[in-house]
Amino acid sequence: MKPILVYKRYAFTTLGAGLGYLGSVIGTASLHDKVPDGSAVGIFISLIPAIFIGFMLRAFWRYLKDSDEVVRHDLTQAIMAGVFALLMLSGGWGLVELFNDSMPRLPIFYAFPAFFIIFGFVSAINYKRCV
């Protein structure tokens, strides 16, 4: 498959999954007060956005798999930088939370967007490419 087609497929799939994620988060938030806490229905509704996260990750995996060697190398380097930075931030903040009871607790939910923000910055800065 031509590189431009691989990128277009990735971009459209990610855009669709991102819009689905946004819509499902808004829908889940609007139903939050109407469903009892801890109920099976509440847990199921809360997990719906995770389906769209899976779609985004699958699109990213397909893009990585179908790209040429140079793009794959650059993306892998950016992924590793994102993982390392996320591990450093989460481990560091976890220690701050552990030893300081007055510090706010950060939900694990923020790990997903934090990784992709770091990955995007590294990819854009190091490889002059926004993926």
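The values are calculated or read from the model by the stated rules, or taken from the named source; none is laboratory data. Note that the structure is a prediction, hence the values are computed from the model and not measured. All Cβ positions, even for glycine, are placed from backbone atoms using ideal geometry, and neighbour counts span all protein chains on display.
Checked against the criterion of being outside the structural domain of Leu15 (by TED's automatic domain parsing), under 20 Å from Ser24 (Cβ atoms) and touching a helix residue (DSSP H, G or I) at 6+ places or on another chain (Cβ under 8 Å), the candidates Phe55, Phe112, Phe60 yield just one match: Phe112. If only residues of segment 21-69 that are surrounded by 11 or more Cβ atoms within 10 Å (Cβ to Cβ) and among the basic types (Lys, Arg) are counted, the one that is farthest from Tyr127 (Cα to Cα) is Arg58. Scanning segment 115-130 turns up at least one residue that is exposed (fewer than 13 other Cβ atoms within 10 Å of the Cβ) and either assigned by TED's automatic domain parsing to the domain that holds Tyr7 or at positive phi (or both).
Close contacts from segment 34-63, counting a first residue that is among the polar types (S, T, N, Q) and a second that is assigned to a helix (DSSP H, G or I), with Cβ to Cβ under 7 Å and a gap of 6+ residues or different chains, come to Ser46/Thr28.
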